[in-house]
Amino acid sequence: MQLVKIYYNQSCSICNREISFYKKKISNPLFEWVNIRNNIKVYIETKKTEDQLMRRMHAMVHGKLVVGAKVFLIIWEQIDYFRILAKIFKNPIFYPLFFLVYEIVALPLYLKAKYLK
C-alpha cells in the first residue's frame, strides 16, 4: 500500500496540536505527516503555493491530491472512536454541512497564520 502524506501547517498552534493528537492515535505507518512551512519540496510535489496549502489541509493519496474536509475523513477512518464520524460525514446528506463547517473554521486559522506570523 502506498504512503499517505498529510500536509499541515506546523506553525499554526491549533493545527499543530490537532496533528500531534492524530499522530498519537494513529499507529498506521502508512501515514507521513509533512509540515508545509518553508518546504519547497512540498510546493513542487503538490503544485500548490505555500499560501494555497495554508488555506486548507491537504493529503496525497495514491498520487492524487485531496483537499479540505475530505482529509479529515481520511484521518478519522484510522482512529477507532472517530471512524463513526467519518462514516457519518461521508454520507452525501451530511457532507455538505461538514464541508461548510470546515471552511468556516479553517478561514480564521488561515488568516491568523498568514497575517499574524
Failed criterion for Val105 (all others in (1) under 16 Å from Tyr8 (Cβ atoms); (2) without any contact (Cβ under 8 Å) to a residue 24 or more places away in the chain; (3) outside any helix (DSSP H, G or I); (4) aliphatic (A, V, I, L, M) hold): (3)
Residue in region 65-103 that is surrounded by the fewest Cβ atoms within 10 Å (Cβ to Cβ), counting only those that are closer than 22 Å to Asn28 by Cβ and among the charged types (D, E, K, R): Asp80
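So is Tyr81 touching a Ser or Thr at 6+ places or on another chain (Cβ under 8 Å) and either among the polar types (S, T, N, Q) or free of Cβ contacts under 8 Å to residues at least 24 places away in the same chain (or both) or not?
no
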Residues within region 51-64 that are more than 20 Å from Lys87 (Cα to Cα) and either of a type in the set (Ser, Thr, Tyr) or buried (at least 16 other Cβ atoms within 10 Å of the Cβ) (or both), tallied: 5
Unmet requirement for Pro29, which otherwise passes all of (1) without any contact (Cβ under 8 Å) to a residue 24 or more places away in the chain; (2) outside any helix (DSSP H, G or I); (3) crowded, with 16+ Cβ neighbours inside 10 Å: (3)
Residues (in a helix (DSSP H, G or I) and of a type in the set (A, V, I, L, M, F, W, C)) located in region 34-50: Ile40, Val42, Ile44
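Every residue, every condition in (1) within 23 Å of Leu111 (Cβ to Cβ); (2) modelled with pLDDT of 95 or more; (3) outside any loop (DSSP other than H, G, I, E, B), yes or no:
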site	(1), (2), (3)
Gln2	no, no, no
Asn16	yes, no, yes
Lys23	no, no, yes
Ala59	yes, yes, yes
Leu73	no, yes, yes
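The values are calculated or read from the model by the stated rules, or taken from the named source; none is laboratory data. Note that the structure is predicted; figures quoted are calculated from it, not measured. Glycine also receives a Cβ, built like all others from the backbone with ideal geometry; neighbour counts cover every protein chain displayed.
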